[in-house]
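Here's the structure we're looking at; comments come further down.
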Amino acid sequence: MNWTDKEAPKTAMAILNRVSGVTLWEEMIRDRRKFCLEECEKNKVVNMLRPKCTERRYLDVLLLKQESKKNMPMFCYSQRVKGLLRSFQEGEMMIPDVYVYIEDYWKIIHEKQTTTLRSASDFLKRSISRGKEVLPMGSVDQLMETHLLRDQIFILWPKLELCLINAQETSIHSIAMFRSISKTLAESYGLEVNLNIEGNFIELMFLNLTLKDSVIVEEVLQNYSAFTGFSGTEIWAEVSLPTGLEEEELDFKVKDLIIIFRTLVEAIEISEGEEGDQTSVESVTGISQVVTEKERDSKL
């Protein structure tokens, strides 16, 4: 399934149905809008401390439906943005699989920026005010941008002015989405990967690797069924994306793709020239990330 800017909200709504579970949609049937406005939005103490819907998921529904801001519960939305900003400033894991407006995403990750940054190319010319981190970025077009920051995937739809924060349980139903996230992860881990695509079947061929002992490599790759083999300087993996949203048994999530890259990193050696100034560190997500000694010192 190839997303267009018009199809994205409809597709994302179907995916959100799985991410959020049945409870959200039962609540929607019970006139969630009226409940939200009368029981939660007007009581600001309740809204701040004990919102009526788990993790403010009703906001995701409205954002994906492209509800106008005048019809959005903006106080509730402001509490989501504040919570995400606080998590980012404190170096904590952001709430997974939630949506915000792109302009608020830029403000969250670059909170001292005086003017709103709207394009990834502008952003990449600057450093993040906290941590001086590099932001690997996947393929960019008018439809989608993918960023990796602090081992968390962020997906942006510029035409829709929406950003998906910390994508994990979100399903991948688009070749373009798969390609974009793969490129971002490959850039982050310093890997070379070719994608061979036939329909919704994708083979990932990781090239020019320095593998550990073959016994170790085999043991590592056996931990995840996506891997199909290795030889010399290459490792292969295979993935099948669903051809339709009804194929739940083939559901492939963002976190599943991250696991492929994380597992592969465990099977390779750091080259001798890099061993002295690179360290493998564990993030709060448990995903390995390679950082240079200079970058590590700048974070201390």
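No lab work stands behind these numbers, since they all come straight from the coordinates. Given the structure is predicted, the values throughout are model-derived calculations rather than measurements. Glycine gets a Cβ as well: all are built from the backbone with ideal geometry, and neighbour counts include every protein chain shown.
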- [ ] Grab the Cα-Cα distance for E219 and N43, subtract it from 0.36 nm times how many residues apart they are, and report the gain in nm with one decimal.
- [x] 57.9 nm
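Once you have the Cα-Cα distance between E161 and N208, take 0.36 nm times their residue separation minus that, and quote the gain in nm to one decimal.
Values: separation 47, 0.36 × 47 = 16.92 nm, distance 3.79 nm.
Extra length available between E161 and N208 comes to 13.1 nm.
Go through 186-193, 253-260 and give me the packing order, highest mean Cβ count within 10 Å leading.
253-260, 186-193
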Task: P(r) of segment 153-200 over all Cα-Cα pairs, binned every 10 Å from zero, in whole percent - done: 21, 51, 27, 1
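First select every other residue whose beta carbon is under 14 angstrom from the beta carbon of L204; then total the charges, Lys and Arg +1, Asp and Glu -1. Don't skip to the end; give the middle numbers.
Details: positive: R179, K183, R262; negative: E192, E198, E203, E234, E238, D256.
Neighbour charge sum, excluding L204 itself: -3.
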Task: Pairwise FRET efficiency - N194 versus K65, Cβ, R0 = 41 Å, nearest 0.05 - done: 0.60
TODO: Rounded to the nearest Å, what's the spacing between the alpha carbon centres of segment 167-215 and segment 53-113? Just the number, please.
DONE: 29 Å
